[in-house]
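Bear in mind that the values in this text are calculations on the coordinates, not laboratory data. Bear in mind the structure is a predicted one, so any value in this text is a computation, not a measurement. With ideal geometry, Cβ positions are generated from the backbone for all residues, glycine too; neighbour counts draw on all protein chains shown.
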Amino acid sequence: MKRYLTRGVSNLIPLPVQLYLWLLYDQLSKGERDWLQIFRITPEESHLNISHEQEVPEYKRVHQIYGVPSFSKKVYIIDDGDHETMLLADEY
């Protein structure tokens, strides 16, 4: 399946974080994955917290990533059946 990301993600989300979000997305099997994945990124003292959520089936996990710049964003990955797109929530 083809994957895309928006200009906002490319400009504002560091590449290591983009790759980590795709990794978290891929850890859910296709049958367990909703069409909309939600990632809430919030800074902590020494790392970023990434809350990964979906509605159906209900899923929520919190992960940490270290060694990246501090920022706060909400990111979606949308699977429309033909391709998967990573975008900022305010680009939706």
Given charges at beta-carbon only (K, R positive; D, E negative), |dipole| of the chain in Debye
240 debye
How large is the dipole of the stretch 38-92 about the Cα centre if only Lys and Arg carry +1 and Asp and Glu carry -1, each at its Cβ, rounded to the nearest 20 debye?
320 debye
Per-residue ellipticity at 222 nm attributable to helices in the chain (runs of n ≥ 4 DSSP H, -39500 (n - 2.57) apiece, nearest 500 deg cm²/dmol) works out to -6000 deg cm²/dmol
Roughly what would the spin-label model give for Leu15 and Lys2, points 7 Å off Cα along C-beta, in nm?
2.3 nm
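Computed from the mean reciprocal separation of all distinct C-alpha pairs, what Kirkwood hydrodynamic radius does the stretch 42-92 have, in Å?
Taking every pair of different Cα atoms in the stretch 42-92, averaging 1/r and inverting gives 12.5 Å.
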Could you give the C-alpha radius of gyration of the stretch 1-76 expressed as a fraction of 2.2 N^0.38 Å, taking N as the number of residues it contains?
1.08
Based only on other Cβ atoms within 10 Å, what is the fewest-to-most ordering of Tyr4, Tyr76, Tyr59?
Tyr4, Tyr59, Tyr76
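Net charge around Ile41, counting only other residues with Cβ within less than 10 Å of its Cβ (Lys, Arg = +1; Asp, Glu = -1)? Write down the numbers at each step before the final one.
Values: positive: Arg40, Lys73, Lys74; negative: none.
It works out to a net charge of +3.
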